[in-house]
Amino acid sequence: MRQYLYILFFLLSSCSSSDPKAIFEDRTGLSISDSISNVKATDNYELLEGEFSIVFKTTQSQINSWLKGSPPWNNLKWHKGRIPPEIGVAAQFSFTEVSGLEVINDDEATYFGDENLIKLLNDTTNYYSYVEDCCAAEKDLRFHDGRLLILQPHTKMIYYAVWDF
């Protein structure tokens, strides 16, 4: 029942605004005070499954102000580095192709697929925050539903995604 309420809330909240800036601020709790450009919002939810994402460019001072504060979703700190494969494989953002995982030696996973998406997910200068919205206790369903925010200080690009698979 709780999952259905979450889906209903998500659907209703996604209908409340078509402004990517307002949606980003509402869903991350981060305020955008500086300029943003190159905004691309992608919504490929079908039959209550899929991903919604917002990608944009901002200023270095905007990124610095976010990094000085608390990250979204009650995380205690910003993570830095490569996006863990179990999280990154769920997000496509605005890239044309998805990424997949290839497991090597039963414990090391590497991304394959869209070269630019792989480059983003493997970037060690990323700062990111994530939350698992469903199924954290069920090993086979980890990151079935979740949210991911990536800040890239060197490119000034911001990548936000929410998914439900």
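The values are calculated or read from the model by the stated rules, or taken from the named source; none is laboratory data. Bear in mind that the values here come from a model prediction, so they are computed numbers and not experimental data. Cβ sites come from the backbone with ideal geometry, for glycine too, and all protein chains shown count toward neighbours. Please note that ligands, DNA and RNA were not included when accessible areas were found on the heavy atoms of the full protein model with its side chains. Shrake-Rupley method; radii C 1.70, N 1.55, O 1.52, S 1.80 Å.
Report, ordered by the first and then the second residue, all pairs with beta carbons closer than 6 Å, sequence separation of six or more or different chains, a first member in the stretch 61-78 that is open to solvent by less than 50 Å² (accessible area, probe 1.4 Å), and a second member that is among the acidic types (Asp, Glu).
GLN62/ASP34
Select from the stretch 79-107 the residues that are in contact (Cβ under 8 Å) with a residue 40 or more places away in the chain, over 13 Å from LYS119 (Cα atoms) and open to solvent by 60 Å² or more (accessible area, probe 1.4 Å) and list them in ascending order.
The answer is LYS80, GLU86.
Starting from residues that are under 15 Å from GLU51 (Cα atoms) and surrounded by 14 or more Cβ atoms within 10 Å (Cβ to Cβ), keep the ones in the stretch 8-36 and report whichever is modelled with the lowest pLDDT.
Ranking the candidates gives SER14 first.
Residue by residue through the stretch 126-147, note down the ones that are open to solvent by less than 50 Å² (accessible area, probe 1.4 Å), in a strand (DSSP E or B) and at pLDDT 95 or above.
TYR128, SER129
Take THR42 and tell me if it is under 12 Å from TYR130 (Cα atoms) and in contact (Cβ under 8 Å) with a residue 40 or more places away in the chain. Can you show your working first?
Numbers: under 12 Å from TYR130 (Cα atoms): no; in contact (Cβ under 8 Å) with a residue 40 or more places away in the chain: yes.
No: the conditions fail for THR42.
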